[in-house]
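Notes follow once the structure below has been shown.
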Amino acid sequence: MSEEQLRREAVRRRSEGQGPSEIAEALGRSTRWVRKWVARHDAESDNDGWAQSRSRAPKTSPTKTSDSIEAQILAARERLVANPRAQYGSLAIQWDLRRVGVDPIPPARTIERVLARHGVVQPRRRASEQYRSKNVPYPTLNPAEPGTTHQVDMIGPRHLFGAAKFHTMNLIDVGSHRVGNVIVTETRPGVLVKALTGIWSRVGIPSVAQFDNHANFAGGIPPAWRHFSPIVAACLDLDITPRFIPVREPWRNGVIEHFNDVWDKSFFRTEVFTSLEHLRTENAAFVEFHNAHHRYSAHQGATPNQMWHNRLHAPLPAGYQPPRRLPAKGRIEVVRYIRSNRKLGLFGKTITLAHTDTYQYVTAIIKVRSRKLIVIDINGEIIHNCDFDLSRELR
């Protein structure tokens, strides 16, 4: 018998005078089950469908996304998809909803469910240039706890309507994905070092700051290896180790490169800014919004602020002024891939290594106080040791 037939049979037997225990034993059910269906039949004797199963789902759902919010989510996504330079993920949709005045902003998971329910989820756009692994081990830092390792990069020059030119210095804490940045209109060394230390005054001082090899960060053109930038000087002064990634391998700073793309396509490309002041105001709001709302799979869906919660950071000294000369302390780290020519390039200075040291990544460590250079391989073994005649004057 089907379940419905069993229910009707229980009621028939009860109407013939059989007891609930007897019926339950005969049908392989409990006495409670028998009483339930007999009571249902008695209450709905005029309804022939009384024996049919009914949904246990609640008639209403207080947490269901309203039709108006769903419509706003879909409209925001449609606006973003229409812009070939914009992203259209949950963070971009949240920011667009904020821009048009939606309050409160629906959570990322709600947006993702709405998109999936309406069948408008699409694969992510892929960059045309993708990293191809050399299958060579790469030197890594210790696991990055929040506040220990920052990646820093520049975007620009960009232009607003009216030809106003600007650059953006972006910084991200690898351990939490917490972001700080600043808009600058000049790239003079003194401006950039004040911009970076200004960010550190808000987010705290790391143990390691990782940069690419642009002169904005490393120093001037030849002999750059002797004259480092004010940014390097400030790092050493604050007991931060400046670390430079291999030349032409931007993916080694992949965390900040990803945020650069988010900033560009979820923020800058989605709005018209009327002035630099307007840009700075909205940029500060976007950074705060990112830190509070963007969920990273690397943190099991936690936001940067959740990862940072209740953690202390090393503050910048009040009224800090960057040094005018290279401090005689600390170390500068440079990662390079050694090819068949055995050349290790350090900002214009070239060192030739042994034949056995080719086809691997090495870390060159410049010891500033002793003016020494040591080169270590992927196993931490010293493979080269020499003097390094750097100047304490800055570029």
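The values are calculated or read from the model by the stated rules, or taken from the named source; none is laboratory data. None of the values given here were measured: they were computed from a predicted structure. All Cβ positions, glycine included, derive from the backbone under ideal geometry; neighbour counts span all protein chains shown.
Of all the listed residues (Glu277, Glu257, Glu288), the sole one being part of a helix (DSSP H, G or I), charged (D, E, K, R) and touching a helix residue (DSSP H, G or I) at 6+ places or on another chain (Cβ under 7 Å) is Glu257.
Assessment of the range 207-216 against the conditions (in a strand (DSSP E or B), in contact (Cβ under 8 Å) with a residue 40 or more places away in the chain and surrounded by fewer than 22 Cβ atoms within 10 Å (Cβ to Cβ)) yields at least one matching residue. I need a count of the residues in the range 321-366 that are in a strand (DSSP E or B), under 31 Å from the mean Cα position of the chain (by Cα) and within 17 Å of Gly220 (Cα to Cα). Residues that pass the stated criteria total 3. Kindly indicate which of Ser266, Ser275 is small (Gly, Ala, Ser), under 30 Å from Arg99 (Cα atoms) and buried (at least 21 other Cβ atoms within 10 Å of the Cβ). Only one candidate passes the filter, namely Ser266.
Taking (1) more than 26 Å from Asn291 (Cα to Cα); (2) out of contact with any Gly (no Cβ under 9 Å at 6 or more places or on another chain) in turn, His177 satisfies each apart from (1).
Consider the range 75-104 and keep the residues that are over 18 Å from Arg295 (Cβ atoms) and out of contact with any helix residue (DSSP H, G or I) (no Cβ under 8 Å at 6 or more places or on another chain). The one that is modelled with the lowest pLDDT is Pro84. Out of Thr149, Thr140, Thr168, Thr185, report the one residue that is in contact with a strand residue (DSSP E or B) (Cβ under 7 Å, 6 or more places away or on another chain), loosely packed, with under 14 Cβ neighbours inside 10 Å and of a type in the set (Ser, Thr, Tyr). Exactly one residue qualifies, and that residue is Thr185.
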